[in-house]
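Q: Structure incoming, see below.
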Amino acid sequence: MISCADAKNDQENDLDSEVKLERTDVVLEQKFRALLGEGAFWNHQRQELYWVDILGKSLNIYNPSNKSNRKFPLPYRVGTVVPQTDSSAVVALDNGIYMLNTFNRNLRQISFVESDILTNRFNDGKCDPNGNLWVGSMHLEEKEPAASLYKVTPDGTTTKMLDNITISNGIVWSKDGKTMYYIDTPTAKIRAFDFNLENSTISNERVVVEVDEDDGFPDGMAIDEQDKLWVGLWNGNAVARYDPENGKLMEKIEVPAHNVTSCAFGGENLDILYITTARVDMTEEELEKYPLAGSIFSVKPGVRGVKSSFFGTSE
Ligand code: BGC
Ligand code: CA
């Protein structure tokens, strides 16, 4: 007979072999009322969580050790953030890509990409292993495939890498850097590409996961040290772990918010998953049921993440 303790150990040690649905051990990390909390990024150098409120137009830097949050109001909607140094971060605003000085709060535009397309805005983005920002746009009405995915080098040179996108969203690289995973939310699919580490280009597109419509829509994404994908589920009240090798849903962790937008592994041991959520697109009933929507949640999922690349560095 297996005792409860053994069963628990098995569970903790053996995330791969079992599908454990509907775990409920998420905790409230810090209460916020973000309209559209997004873009979670763990700054492993400073041990801080960078995140944005896209519609609330702010970058936020949250320090879990003392639960403090520094807020940087921005003049436009902000799709994502990736730090560059202790005092600078790249942000994707409505009309292009900017460097924000987090000491004196100055903004400097480095790319005017899509500044002429008023029907789109920027959404999620992360850096590849060579330190280039891959950031995508989305159609404001979320209907037309009128958006694109771009690569922005540290000097601001911007290249369109994919078009025909509707809501550009989660993007991550495998541990060896040779595979890029990418989500265009309304397709409900996670695509993979071969990533060429020499010249930071992609090829060999294929679909690796099809998200069941009953689970919600795939939004932001993180990757763990076993190269499994953790995905926030918009309209799905959960984050889910998918295996890109076979397309299977491995695990689902319930979050007390209707729209779960992104997640990032953080903490000294990269063993805490920080989760952003939104307050928009909820009915009155849902807002009553999930009063903490817009907050940051956290969970120890039993597996570690990997460090995310900064802008302009390949470490
Ligand atoms: C976007 C939202 C969108 C959601 C679901 C988010 O990343 O910022 O505007 O509604 O994804 O597709
Ligand atoms: Ca997102």
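The values are calculated or read from the model by the stated rules, or taken from the named source; none is laboratory data. All values reported here derive from a predicted model rather than from experimental measurement. When we count neighbours, we look across all protein chains shown, and the Cβ atoms used for this are built from the backbone with ideal geometry, even at glycine. Surface accessibility is based on the protein's heavy atoms, side chains included, excluding ligands, DNA and RNA. Shrake-Rupley method; radii C 1.70, N 1.55, O 1.52, S 1.80 Å.
Q: What number of residues within the stretch 253-275 satisfy the criterion of being more than 13 Å from ligand 2 (Cβ to nearest atom) and out of contact with any helix residue (DSSP H, G or I) (no Cβ under 7 Å at 6 or more places or on another chain)?
A: Summing the residues that are more than 13 Å from ligand 2 (Cβ to nearest atom) and out of contact with any helix residue (DSSP H, G or I) (no Cβ under 7 Å at 6 or more places or on another chain) in the stretch 253-275 gives 15.
Q: May I ask you to list the residues in the stretch 30-46 that are open to solvent by 20 Å² or more (accessible area, probe 1.4 Å) and either modelled with pLDDT under 55 or not basic (Lys, Arg) (or both)?
A: Gln30, Phe32, Leu35, His44, Gln45, listed by residue number.
Q: Which members of the stretch 165-206 meet the condition of being away from ligand 1 (no atom under 16 Å from the Cβ), assigned to a strand (DSSP E or B) and not hydroxyl-bearing (Ser, Thr, Tyr)?
A: Passing the criteria: Trp173, Met180, Ala192, Phe193, Asp194, Phe195, Asn196, Ile202, Asn204, Glu205, Arg206.
Q: Being assigned to a loop (DSSP other than H, G, I, E, B) and within 23 Å of Ser137 (Cβ to Cβ) is the filter here; which residues of the stretch 81-109 pass it? Explain how you work it out, then say what you get.
A: Within the stretch 81-109, the first condition is being assigned to a loop (DSSP other than H, G, I, E, B), and the residues that meet it are 86-87, 94-95, 102-106.
Within the stretch 81-109, Asp94, Asn95 qualify.
Q: Quick check, is Glu288 touching a residue at least 60 places away in the same chain (Cβ under 8 Å), acidic (Asp, Glu) and away from ligand 2 (no atom under 16 Å from the Cβ)?
A: So Glu288 does not fit the description; no.
Q: Within the stretch 224-249, can you find the residues that are open to solvent by 10 Å² or more (accessible area, probe 1.4 Å), away from ligand 2 (no atom under 11 Å from the Cβ) and either touching a Pro at 6+ places or on another chain (Cβ under 6 Å) or of a type in the set (A, V, I, L, M, F, W, C) (or both)?
A: Hit for the stretch 224-249 is Leu249, nothing else.
Q: Separate question: Within the stretch 153-174, can one find any residue that is within 12 Å of Gly125 (Cα to Cα) and in contact with a His (Cβ under 8 Å, 6 or more places away or on another chain)?
A: Yes: the stretch 153-174 contains one or more residues that are within 12 Å of Gly125 (Cα to Cα) and in contact with a His (Cβ under 8 Å, 6 or more places away or on another chain).
Q: Sticking with this structure for a sec: For the stretch 131-154, how many residues are of a type in the set (Val, Ile, Thr) and under 20 Å from Ala40 (Cα atoms)? So that I can check it myself, show each step before the final result.
A: Keep residues of the stretch 131-154 that are of a type in the set (Val, Ile, Thr), which gives 135, 152-153.
The next check asks that each one be under 20 Å from Ala40 (Cα atoms); those that pass are 135, 152.
Residues flagged as of a type in the set (Val, Ile, Thr) and under 20 Å from Ala40 (Cα atoms) within the stretch 131-154 amount to 2.
Q: Let me spell it out: the conditions are (1) open to solvent by less than 60 Å² (accessible area, probe 1.4 Å); (2) within 28 Å of Pro73 (Cα to Cα); (3) without any contact (Cβ under 8 Å) to a residue 40 or more places away in the chain; (4) within 15 Å of ligand 2 (Cβ to nearest atom), and Ile167 meets all of them except one. Which number is the exception?
A: The single condition Ile167 does not satisfy is (3).
Q: Which of the residues belonging to the stretch 78-130 are closer than 18 Å to Trp42 by Cα and either in contact with a helix residue (DSSP H, G or I) (Cβ under 7 Å, 6 or more places away or on another chain) or basic (Lys, Arg) (or both)?
A: If the condition is that a residue be closer than 18 Å to Trp42 by Cα and either in contact with a helix residue (DSSP H, G or I) (Cβ under 7 Å, 6 or more places away or on another chain) or basic (Lys, Arg) (or both), then Lys126 is the only one that fits.
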